[in-house]
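Worksheet for the structure shown next.
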Amino acid sequence: MDFITWTDEFSVGVGKFDAEHRNLVNFINKLNNALKIGSAQKTIEEILGGLIRYTAIHFKHEEDYMVLYDYPAYEAHRKEHQDLTAQVADFYERFCAGKTTFSLELLNFLKDWLTKHILGSDRAYRDFFNGKGVN
C-alpha cells in the first residue's frame, strides 16, 4: 500500500503540474518502501537525492509560469519553495555525512508538507492559471 495515494483531490487544474506532483508522490512512496524494507543508506540517499533534484525542477516550472503570467502570490509561493528546499537540503547533507538517519518522522514531514502545499498554495493558483488558458 502506498504511503500517499494520488487522488483527483490533489489536482491543481494544470496538467503539467499534476504530472509533476504525481512524480513527487512517487518519490515519497519509494522512500517509504525503502524505509520499510530497511534499505541501505546509499539507496535511500539516491532516492532522496532524486527527490531533491526533481523538486527543484518542479519548483522552477511553477515559478516560471507564475512570473510569465504575473501571478499575484508569486513571492509568498516562492518563499514556501525556498523554505522547504533549505530544510530538505540541510537534512540531506547531514544524512549523507552520517550525522542523522532517515526516519518515519522525516517521511511524515515530507508527506504533510507536500499534501498541504498542493491542497493549499498550489490549489490557490488553479483558477488564476485556468483563467489564463493554462490547464
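Taking the criterion of being surrounded by fewer than 15 Cβ atoms within 10 Å (Cβ to Cβ), under 24 Å from residue 100 (Cα atoms) and not small (Gly, Ala, Ser), the residues of region 53-82 that qualify are 53, 82. Only one of the numbered conditions (1) surrounded by 16 or more Cβ atoms within 10 Å (Cβ to Cβ); (2) closer than 24 Å to residue 135 by Cβ is violated by residue 48, and that is (2).
Could you grab me the full set of residues in region 1-18 that are assigned to a helix (DSSP H, G or I) and either among the β-branched types (Val, Ile, Thr) or surrounded by 14 or more Cβ atoms within 10 Å (Cβ to Cβ) (or both)? Can you show your working first?
The initial filter retains those residues of region 1-18 that are assigned to a helix (DSSP H, G or I), namely 8-10, 15-18.
Scanning region 1-18 gives 10, 16, 17, 18.
If you go through region 83-100 and keep only what is within 19 Å of residue 39 (Cβ to Cβ) and either surrounded by 12 or more Cβ atoms within 10 Å (Cβ to Cβ) or of a type in the set (Phe, Trp, Tyr) (or both), you end up with 88, 91, 92, 94, 95, 96, 100. Scanning region 105-117 for residues that are polar (S, T, N, Q) and surrounded by fewer than 16 Cβ atoms within 10 Å (Cβ to Cβ) yields a total of 1. Selection of first residues in region 48-73 that are touching a residue at least 60 places away in the same chain (Cβ under 8 Å) and of second residues that are outside any helix (DSSP H, G or I) and of a type outside the set (A, V, I, L, M), restricted to Cβ pairs under 6 Å at least 6 apart or on distinct chains, gives the following pairs, ordered by first then second residue: 69/132. For residue 120, the conditions (1) in contact (Cβ under 8 Å) with a residue 40 or more places away in the chain; (2) exposed (fewer than 12 other Cβ atoms within 10 Å of the Cβ) are fulfilled apart from (1).
For region 53-91, residues that are under 15 Å from residue 12 (Cβ atoms), among the hydrophobic types (A, V, I, L, M, F, W, C) and over 16 Å from the mean Cα position of the chain (by Cα) total 2.
Looking at this structure, is residue 34 of a type outside the set (S, T, N, Q) and buried (at least 16 other Cβ atoms within 10 Å of the Cβ)?
Working: of a type outside the set (S, T, N, Q): yes; buried (at least 16 other Cβ atoms within 10 Å of the Cβ): yes.
Criteria met by residue 34.
Please go through region 1-52 and give me each residue that is over 11 Å from the mean Cα position of the chain (by Cα) and among the acidic types (Asp, Glu), ordered by number. Once the filter is applied, which keeps residues that are over 11 Å from the mean Cα position of the chain (by Cα) and among the acidic types (Asp, Glu), region 1-52 yields 2, 8, 9, 18, 45, 46.
Just so you know, all these numbers are worked out from the coordinates, no wet-lab data involved. Note that this is a predicted model, so its numbers are computed, not measured. Glycine also receives a Cβ, built like all others from the backbone with ideal geometry; neighbour counts cover every protein chain displayed.
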